[in-house]
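Below you'll find the structure, written out as structure tokens, and then a few comments.
Please treat every number below as a calculation from the coordinates, not as lab data. This structure is a prediction, so every number in the text was calculated from the model and none was measured. Backbone-built Cβ (ideal geometry, glycine too); neighbour counts: all protein chains shown.
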Ligand code: ZN
Ligand code: MN
């Protein structure tokens with residue numbers, strides 16, 4: 001990703017959104033970090049560049065971006081919502097033990113996703129726009145920890 005600022009301005013213009021420092025800051029953070037942050041993680045990371053950036057503003061901006069399909073929400077069971085800039089199709093692994101969220105993308109995914117949506121459209125008559133796949137399991141770290149706990153008992 002070369003000219004992030006140029007991309008952000010293009011995105012905001014394309015969606016008829018006024019260019020504000022808050023929107024620019026939040027989009028920039030999400031486009032350059034793939035750590036699936038919470039509202040508070042985003043706010044605390046960009047607040048130093050902005051005076052009085054409240055949680056409500058971050059939350060409202062994220063909601064707008066989610067409605068436009070630019071950002072997706074992910075629940076990992078830790079009680080908070082995580083956010084992800086969703087320009088490139090990928091899916092998520094979620095650890096049901098620690099809540100870790102990992103990206104997965106493999107070459108075949110775009111084709112499989114298209115096939116899935118085409119069949120869904122055929123079956124239901126819906127006009128589809130996007131999908132989001134989550135696979136749940138136990139992450140490698142937790143597998144180790146759980147195994148150690150078993151041994152120690
Ligand atoms: Zn885990
Ligand atoms: Mn992701």
For residue 119 and residue 68, FRET efficiency with R0 = 25 Å and r from the beta-carbon atoms, rounded to 0.05? 0.45
Given 4 °C, 1.567 mPa s and a Kirkwood radius over Cα pairs, the Stokes-Einstein diffusion coefficient of the range 89-153 in µm²/s is 92
Taking the mean number of other Cβ atoms within 10 Å as a proxy for protection, how do you rank 103-110, 58-65 from highest to lowest? 58-65, 103-110
When 1/r is averaged over all different Cα pairs and the result inverted, which Kirkwood radius in Å belongs to the range 1-118? 15.4
Short version: what are the Cα gyration tensor semi-axes of the range 25-80, square root of 5 times each eigenvalue, largest first, in whole Å? 17, 13, 12
For the chain, what is the mean residue ellipticity at 222 nm derived from helices alone (per DSSP H run of n ≥ 4: -39500 (n - 2.57); sum divided by total residues; nearest 500 deg cm²/dmol)? -15000 deg cm²/dmol
